[in-house]
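To start, the structure under review is shown below, and the notes come after it.
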Amino acid sequence: MSRRPLAAVLRLAASACVLGAVVVAFWLPMDGSPTRSVLDRALDAVSPRGAAPGFMLRMTSTPSGAVVGVDGQRVGTTPYLGNVVCRQGERVTIEASAPEHRTWRREIECREGASLDAAPRLEPLVGP
């Protein structure tokens, strides 16, 4: 048997062991805690515990395909389902707009963990 295939197999096995060690190190706790891992801390850095969860917004519209906005920022088109990040009691403006239609806009108070269903009928613009 040639040494080249054996060397390739050994290199592959060594790479798999290194990759396995990296994966295990990533998932195992690194601070002595039995439950906190590097992954937990990385997720905390992106979305810290205690961050405002906001509420779930589900919006459909007539006509369909309207642009959905939250506090002046486009977040998608209808039909839309997404989380609105805000703090309890904060005022949030949601809107739906479509070409040749009046913009539908509502200001609401944030209720963390709530769900809001909105189904605006956008009125067509009339006249020249």
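Table for the structure above
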read-out: Calculated from backbone phi, Karplus (6.51, -1.76, 1.60) coupling profile of the stretch 63-79 in Hz, x at Gly/Pro; value: x, 6, x, 5, 7, 9, x, 10, 6, x, 10, 5, 10, x, 10, 7, x
read-out: 3J(HN,Hα) from dihedral phi, the stretch 106-123, Karplus parametrisation 6.51/-1.76/1.60, rounded to Hz, x for glycine, proline; value: 9, 9, 10, 9, 5, 10, 3, x, 7, 10, 10, 9, 10, 9, x, 9, 7, 7
read-out: Placed amide H near ALA114: partners under 5 Å, 5+ positions off or other chain; value: MET56
read-out: Amide H partners (placed H, <5 Å) of GLU90, local residues excluded; value: CYS110
read-out: Amide H contacts under 5 Å for HIS101, placed H, 5+ residues apart; value: LEU125
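Where a number appears in this text, it was derived from the coordinates with a stated rule and is not lab data. Just so we're clear, the structure is a prediction, and the values are computed from it rather than from any experiment.
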